[in-house]
1. Given the C-alpha centroids of the stretch C:236-286 and the stretch C:203-233, what is the distance between them in whole angstrom?
2. May I ask for the angle, rounded to the nearest 10°, between helix B:328-346 and the longest principal axis of chain B, with both axes built from Cα atoms and the value confined to 0 to 90°?
3. According to the Cα gyration tensor, what semi-axes, each the square root of 5 times an eigenvalue, does the equivalent ellipsoid of the stretch C:13-125 have, listed from largest to smallest in whole Å?
4. With the contact rule set at Cα under 8 Å and sequence spacing of 6 or more, what percent relative contact order holds for the stretch B:77-128?
5. Pulled fully out, how much extra length does the chain show between residue B:65 and residue B:346, if you take 0.36 nm times their separation in residues and subtract their Cα-Cα distance?
6. In percent, what relative contact order does chain B have, based on Cα pairs under 8 Å that are 6 or more apart in sequence?
7. Can you tell me the Rg and the Dmax, both Å, for the Cα atoms in the protein assembly as shown?
8. In degrees, nearest 10, range 0 to 90: what is the angle between the Cα axis of helix C:285-315 and the longest Cα principal axis of chain C?
């Protein structure tokens, strides 16, 4: 097998799709960590993921024909079952054991489909972070997806340093320059970086004005984990000054829970899955819709600056960067990821087995 | 001279154009085996082929001006005759012997123009395969051309394994899965691979229904040579069961003769010249037109899957393939070609001189 | 710092913009010798040039916000002054001395903005060639700009060999083949190549027919310097035969002065700044407009053939060229430039300090 995905962490779960994207009758073709894949649901509803390349002459199976729970390559007619095993070769009875396409472990949970690109034996579902907020009666949100023409780490960098809110999102998610000036508390965990960021006694962020009103200033918080390889789980919100603060009771609060996953498509392109859910005004559709629009507007602002950054880096990869104090979390995350990749490349792959908490 | 065409067989005849494509007054610019060329007809009608690059400052001669049987570069005015020799340099009387562009041997025969990219001394016209079917009162067909964004060997692979008819051309040229299941007889000749494929007592192929009707089943045959570097010559047809079979008299048959040539443009693009002629109902224009449309529809199906295959291979060139029994002919052809290329690169070029029969 | 501009002469003045292109309120983003830059005017009107890359995380400053004479990166909020020094970092008080973006010496003179890409200490404004004709009451012309998808030396090659006028500009700037046949006088100076080209007693060039009429033939001259790295300064014109010739008094002449600058954008793209001024009929707007249109038409012809030449070279960089006598000036210029680049790369950079005359 070729080594096209050698720069990515393999023994880990990546979000590869929203549940609603995987069809029962046809196929979804999507590339994850440089590997073209096809996805479908079998008759029991289980999601199947196979390499999108016939083992015979490399024709893409995404141009193939579903035959029940099997897929036929429509170049020369090889038929594969859902495990990737070839079960029929026109013009010969003998089917060699090597006639197969690679199948990938899949877990579907809370509307997200997770894929394991490494050794199947190590694909332990208990390693999947808890994203039940995506599908929970106490939270309300809208599934989102964006495609990035940038390396996925430029996106996780962005998630790990919210000082950009004051500049990139000045009139949307961010607000005053005070937000950039505060120092987050950063904790290095086993497989994730935890960031806790408080802004006390300030005006509500611009986007909140469409969602909720308070008589005075608020305390704002963003408390989140970014878990390897690139999943953000975030408790955030605002509450009247004094009731929000770290030990506050969050009375009359606007609370949110964000689940975001950045998955490498190739070394220069990425998938971005996200849902920002609100835990108040659950039955107010205007709030849900306003939140959806605010998040999209903000994420377009992120993409605009990150794509510009990617172009600058691409034009001069040796041009260098200068670490600032605000880079502490992203630098830790990149170091953690690099170590994990080096580890799995230098020894027998072994999955990491710590649970992740937030 | 640079070595841009080093991966192609040079001492061989390639089809470079249909006769009607080469103008008398202007120029045709076309790249063959990575070499940009210009073509025109001199006043005697002879086709001329020169490198499309002025020897002076590399301006393309395709932007030049025809002056009788000569071509003037319209950057600095050098004038070349039909042998590629520079015969005028503005501002100097002395013309060095090195002032020339390369000319290529050309033979025009039965509506095809053949070019020799190797040593001119070895350009023996007797090595050109017999394609008189392209221009013969006993056959009727329509010239065709397609451009491929794929390496030419992916196209010859396709021609050498007709098991794809059942899948790629299920509703056009192909038909039932039985066609893929049969075993062709494959013969390795000196400069070509011969394939003989019979399907007895089956329904006529879908495309035939517009051309001819029979009361019952038919015997189908495809008997063809694929000659180095990529010329297919094919006797094919159908006749009522019993009269078609190998020793049959082909009574009430629909007989066809196909001439197809795949010529590398670059390492990732190709020219495809073809004509499928019918040997029955010669004066029935509907038959000619129906056949033309069926062939084009089928060849579009081929191109669609081959381009998809090329993209998969391009994304992961080391991804591998797995040889099946159905690959016997294409594997033999690729081995034969590789040997011929290695031979001409390792010693003084020497043309192969066996005749080709079908 | 990376070495992306290593193939260009650095310790020299390049024309980077027309004065009118640099805004007071916003920014101009433009790449010079492979380095993306931003340009603006400070409150005193002085042109500022900084690298278009924040030293922190490589976001482009061209997406930043002008704050008086400063520029703020709108990713994480770093603020830079006009010298490129970082003067504010959100969330930290300490600003390291390395927090800066590179600033480039700028001189604005006669409507052209000149930039020095090498060692600032060597940026001696007296090295800038005299282009006062661009802004002189005795001359009248129109600023012009073209972008080239070609290496800048293919453009300077073109300027150094006017034998192309007979072919590329046969019906515009050029005229009869006689022009290509004449031998220019070529002089190698310290930092430039001087070319003197006379065509005596011939018809006026086609474009002149819209500008001025004479009863008979004219003497034509083009006397110019091409100064490193790519600035053409040209005295040209036509006068009735006998009064034009080298010692003639140029009575009833059509005199022009051309200033042209070719500046590398990248190794495969270029900026081309030019103004052809007329020194007669100064108050006749039709003459100014007709001249502008003729020059543009001619320069489009140049670009068309040069882009075609670039594509041929790109397809086969090793394909070779053959030097002719007409290449004497361009060969000298290329040799001079190559020596200058080698010199500055092999020792401590030292600016060349000879004045240039025409």
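Read-outs throughout are calculated quantities, based only on the coordinates presented, and are distinct from any laboratory measurement. This structure is a prediction, so every number in the text was calculated from the model and none was measured. Every residue, glycine among them, receives a Cβ derived from its backbone with ideal geometry; neighbour counts consider all protein chains shown.
1. Centre-to-centre (Cα) distance: 6 Å.
2. The angle comes out at about 20 degrees.
3. 24, 15, 12
4. Working: 53 pairs, mean separation 11.8, N = 52.
Rounded, it is 23 percent for the stretch B:77-128.
5. Gain in length upon complete extension: 97.2 nm.
6. It rounds to 18 percent for chain B.
7. Over the protein assembly as shown's Cα set, Rg and Dmax evaluate to 35.9, 100 Å.
8. Tilt of helix C:285-315: around 70 degrees.
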